[in-house]
Amino acid sequence: PHMLFSLSKSFTSTAVGLAVAEGRLSIDDPVLSFFPKEAPRHPGENLTAMRVRHLLAMSTGHDVDTTPKMTGSRTGDWVRVFLAQPVAHPPGTHFLYNTGASYMLSAIVQRLTGQTLLEYLRPRLLEPLGIEKATWETCPLGVNTGGFGLNIRTEDIARFGQLYLQRGEWQDHRLVPAAWVAEASRKQ
């Protein structure tokens, strides 16, 4: 096993797709709705407008990647740090490669399921694909990092890619909704 770095983001977005299919959330849900206690006292208009879809597309409206502030935080509360960063642009109007957005997706899945991203994916995706001994780095508060830190084997990556080539089907079983695969793999 080796760290996938940013390829980890594809597993994170797949987990969100599975949670959407289970009716746990919608990609149009406001990000702040999942974190009322961590939200700034006076969130700006752009932060208030940020939706799950903006995290997925890295179009949160930030001018700078939030990750260095999050990982450098003394409190270790990466959610609170992400939400405290200035959102300069209306979400959906400005793309920025922002690993912090993927972390927030992981935090949302954990908030909704009570499981880390890795625990959530194990029975739904990893085990059916034959991916064993996967590990995922966590933040100081125990949330999988989402945008990096997943450790699996090269063969496992090939299985995951093949799953997407097969529109979410694996060995005659639907693992990921075809509509999610189509949306996730189209030009955004």
### Message
Please report the net charge: other residues with Cβ closer than 13 Å to the Cβ of Arg159, K and R +1, D and E -1.
### Response
-4
### Task
Just read off the accessible area of Arg186 with the full protein assembly in place, 1.4 Å probe, to the nearest 10 Å².
110
### Query
Going by alpha carbons, how many degrees (0 to 90, nearest 10) lie between the helix axis of 99-113 and the longest principal axis of the chain?
70
### Query
Summing +1 for each Lys or Arg and -1 for each Asp or Glu, what net charge is found among the other residues whose Cβ lies under 12 Å from the Cβ of Leu175?
+1
#### Entry: Projected label distance in nm at Ala88 and Arg186, using a 7 Å step from Cα toward the beta-carbon
3.0
#### Entry: Distance in nm between pseudo-label sites at Lys69 and Glu45 (7 Å out along the Cβ direction from Cα)
2.0
### Query
Peptides 87-96, 73-82: what's the order by average Cβ count within 10 Å, highest mean first?
73-82, 87-96
### Whole-angstrom gap from the stretch 125-188 to the stretch 16-90, using each part's C-alpha centre
22
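The values are calculated or read from the model by the stated rules, or taken from the named source; none is laboratory data. Everything numeric here is computed off the predicted structure, so don't read it as measured data. When we count neighbours, we look across all protein chains shown, and the Cβ atoms used for this are built from the backbone with ideal geometry, even at glycine. Just the protein is used for accessible areas: all its heavy atoms, side chains included, with ligands, DNA and RNA removed. Shrake-Rupley method; radii C 1.70, N 1.55, O 1.52, S 1.80 Å.
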